[in-house]
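The values are calculated or read from the model by the stated rules, or taken from the named source; none is laboratory data. It should be emphasised that the depicted structure is a prediction, and the values quoted were computed from it without experimental measurement. Every residue, glycine as well, gets a Cβ built from its backbone with ideal geometry; the counts of neighbours run over all protein chains shown. Areas reflect the complete protein model, heavy atoms only, side chains present, ligands, DNA and RNA absent. Shrake-Rupley method; radii C 1.70, N 1.55, O 1.52, S 1.80 Å.
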Amino acid sequence: DNLGQIEIIDLIENGRNIEVNEENKFDYVQKLCYAKLFDTIKPQVESFLKGFYEIIPLKLISIFDYRELELVISGLPTIDIQDLKNNTVYENYNETTPVIKYFWEILEGFDNDERAEFLQFVTGSSKVPLEGFASLQGIGGINKFKIAKVFETNFDRLPSAHTCTNQLDLPEYPSKEILSERLTFAIKEGK
């Protein structure tokens, strides 16, 4: 629908004449998603980039990935673990559960870069709200950081995050060492 006019746009050459079936449905969904998420906004993105590159030339920023660029533009925040701890909600855990104690010890041992990576992993942003973690935003407004218990005994499972709700799903690992290894792996590889 382009200003009230229906247009048919082929995702592949002669696509309007090719029926979607079991053999090509995955390719169709991929191409449709790409068209909706990229092609439809391509002119706007190109205009934005043109203006952005007038301010900061591409050759100067091409050495950064998107996470590093955000940190360069916004600055590396100082992440106060005590503030985060004070504004954490627990689901099927509490502050005295051993894995929770291990978790906070590990985060306190992280340097600021690692803390920023953790924050990026769990919230989708490496920035601390101006008012501190009491004002952490989620999909529906203020959404405090939550640690939710995963009822699973397979300790090969990594912690996972729901960035829309600032939630960390955390198995009850039996030791600080296992938690540290799994959490660090999830943060580093989950980028």
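A few points about this structure:
- Sites LEU60 and PHE185 - FRET efficiency at Förster radius 35 Å, r taken between beta-carbons, to 0.05: 0.60
- Within straight-line cross-link reach of LYS42, lysines at Cα separation under 29 Å, skipping those fewer than 8 residues along the same chain: LYS25, LYS31, LYS50, LYS59, LYS127, LYS191
- Out-of-range pairs (alpha-carbon distance over 19 Å; input LYS85/LYS146; LYS101/LYS149; LYS85/LYS188): LYS85/LYS188
- Spatially proximal aspartates and glutamates relative to LYS36 (Cα-Cα < 13 Å; intrachain offsets below 8 disregarded): ASP1, ASP10
- Cα-based helix-to-principal-axis angle, 98-109 vs the chain, degrees rounded to 10: 80 degrees
- DSSP loop chymotrypsin sites (Phe, Trp or Tyr not before Pro) with at most 12 other Cβ within 10 Å excluded, longest remaining stretch of the chain: 39-150
- Kirkwood-based Rg to Rh ratio, region 47-134, C-alpha trace: 1.11
- Percent carbon-and-sulfur accessible area, the chain, ignoring ligands, DNA and RNA, probe 1.4 Å: 55 percent
- Rounded to the nearest whole angstrom, the semi-axes of the ellipsoid equivalent to region 81-191, taken from the Cα gyration tensor as √(5λ), stand at 21, 15, 14, largest first.
- The residues of the chain present an accessible area of 66 Å² per residue when probed at 1.4 Å with all protein chains retained.
- Bins of 10 Å from zero: percent of alpha-carbon pairs in the chain: 8, 26, 25, 21, 16, 5, 0
- About its Cα centre, the dipole of the chain is roughly 340 debye, where the only charges are +1 on Lys and Arg Cβ and -1 on Asp and Glu Cβ.
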